[in-house]
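**Student:** First the structure, then my questions, so here it is.
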Amino acid sequence: MPIHAPADQRWPWWPLLPLYPYGRRATLVRELIPDQVWSFEQLQGVYYVAVPIRMTVLRLNQGLLLYAPVAPTAEVRRALAELERAYGPVQTIVLPSSSGLEHKLPVPAMARAFPEAQLWVTPRQWSFPVPLPLAWLGFPAGRTRVLFEQGLPHTDELSWTALGPLDLGLGTFMEAACLHRSSGCLLVTDALVSIGDQPPAVFELDPTPLLFHARERGDEPLQDSPERRRIGWWRLALFASYLRPASLEVPPAGTVLGQAMAPGLRNARSHFGLYPFRWPQGWEREFEQLRSQQAGGLQIAPVLERLVFPRSRQALLSWVESLAELEGLRWLIAAHYDAPVPCQGDSLRALASALGCRDWAVNAGSWDLLARIDRTLLGLGVVPGDP
Ligand SMILES: [Fe+2]
């Protein structure tokens with residue numbers, strides 16, 4: 001089936017998203033498992049709340065598989081061409097999430113970069129505010145197949161485990177985990193993460209978001225040091241996890257404006273000194289509490305727990321328990337945060353057990369804003385009480 005939407009009409013709202021780093025996207029390429037698995041990491045976010053996003057490349061018996069594509073910049077295409085010369089062509093591109101916009105957006109461009117590759121997507125892809133067919137969103141209909149519904153790719157080498165579909169009201173959450181049996185790497189997208197206490201290496205390419213958030217006031221210059229990078233990372237991780245961390249204070253507008261446009265900060269990199277945040281003493285405890293949710297070195301991203309899984313704990317637990325049964329599991333590679341993380345059946349069983357006992361989708365403290373969003377959507381009937 002031909003694609004009906006011309007290239008310039010696809011993703012018409014793409015330029016409306018103020019996504020950091022505003023077109024200057026650098027990629028960190030790392031070999032995670034020698035000759036078998038590679039990570040391509042970029043920064044993506046809004047107003048300097050930039051979080052790393054990862055594509056994982058698997059070596060198949062013949063060729064390569066791209067899991068959760070990132071933007072195919074010239075730098076990415078060059079690195080992939082190098083891998084293709086060594087290991088064979090990109091055969092398969094997988095969109096393993098039905099809801100993660102940051103993973104969905106780069107797929108059409110990556111598909112155009114590899115016109116011979118087969119695309120696989122999770123079922124029930126959706127777009128908002130207008131539901132559009134995949135072809136209109138830039139997916140090449142003639143070579144796009146739906147995971148689980150139309151089969152699964154490379155099952156002689158890969159084991160696939162679905163989480164969902166879960167009804168989110170506006171759309172569906174679904175994630176496809178993939179075990180690469182020869183390396184023991186389990187690839188997941190958003191549901192599981194390992195948040196480290198040091199900034200991910202991709203920030204070495206551009207530490208600006210870390211340095212921006214390491215400050216205490218808007219008129220403070222962006223200064224670089226390992227300690228400031230760590231402070232910036234802890235704050236960024238809190239923003240990414242809770243949207244509005246409980247310890248964060250917002251100074252009055254007069255204070256924010258009074259600190260703006262200080263000498264040396266009259267530039268876009270410093271957002272002209274506009275810094276509407278204040279971190280009171282002791283804010284670090286909130287990051288330590290975030291990390292204390294880890295079990296087996298892994299955790300559920302809080303924003304997913306409170307907005308995607310608040311009433312689906314059992315579905316999540318069953319998925320984690322089924323991943324724990326996969327044979328040959330050695331590493332977990334998520335599309336965000338640290339990777340690879342040592343991971344075996346016991347790590348996942350420890351996580352499932354911890355998730356089963358603790359309070360779930362709570363309303364207070366760090367979770368306050370997420371809980372208010374969920375309760376509002378629930379009250380309006382936008383999200384279902386029983387997904
Ligand atoms: Fe994601």
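Throughout, read-outs are computed from the coordinates displayed, never taken from laboratory work. In this text the structure is predicted, and so the values were computed from the model without any measurement.
**Student:** Quick check on region 201-292: take the gyration tensor over C-alpha atoms, sort the square-rooted eigenvalues as a ≥ b ≥ c, and tell me if it's rounded (a/c under 1.5), prolate or oblate.
**Tutor:** Oblate, since a/c reaches 1.5 and b/c is not below a/b.
**Student:** If you take every DSSP beta bridge fully contained in the chain, what fraction is antiparallel? Give it as a percent rounded to 5.
**Tutor:** 75 percent
**Student:** Any chance you could give the angle, 0 to 90 degrees and rounded to 10, that helix 313-324 forms with the longest Cα principal axis of the chain?
**Tutor:** Compared with the principal axis, the helix lies near 60 degrees.
**Student:** I would also like to ask the following. Decide, for region 115-199, between rounded, prolate and oblate: order the square roots of the alpha carbon gyration tensor eigenvalues as a ≥ b ≥ c, take rounded if a/c falls under 1.5, and otherwise choose prolate if a/b is larger than b/c, else oblate. Before the final figure, lay out the partial values.
**Tutor:** Details: a/c = 1.85, a/b = 1.21, b/c = 1.53.
Note, shape of region 115-199 comes out oblate.
**Student:** Something else about it: How much mean residue ellipticity at 222 nm does the chain get from its helices, if each DSSP H run of length 4 or more adds -39500 (n - 2.57) and you divide by all residues, to the nearest 500 deg cm²/dmol?
**Tutor:** -8000 deg cm²/dmol
**Student:** Counting alpha carbon pairs within less than 8 Å and at least 6 residues apart, what relative contact order, in whole percent, applies to the chain?
**Tutor:** 15 percent
**Student:** Continuing with the same structure: Out of every Cα-Cα pair in the chain, what percent are more than 40 Å apart?
**Tutor:** Tail fraction, whole percent: 14.
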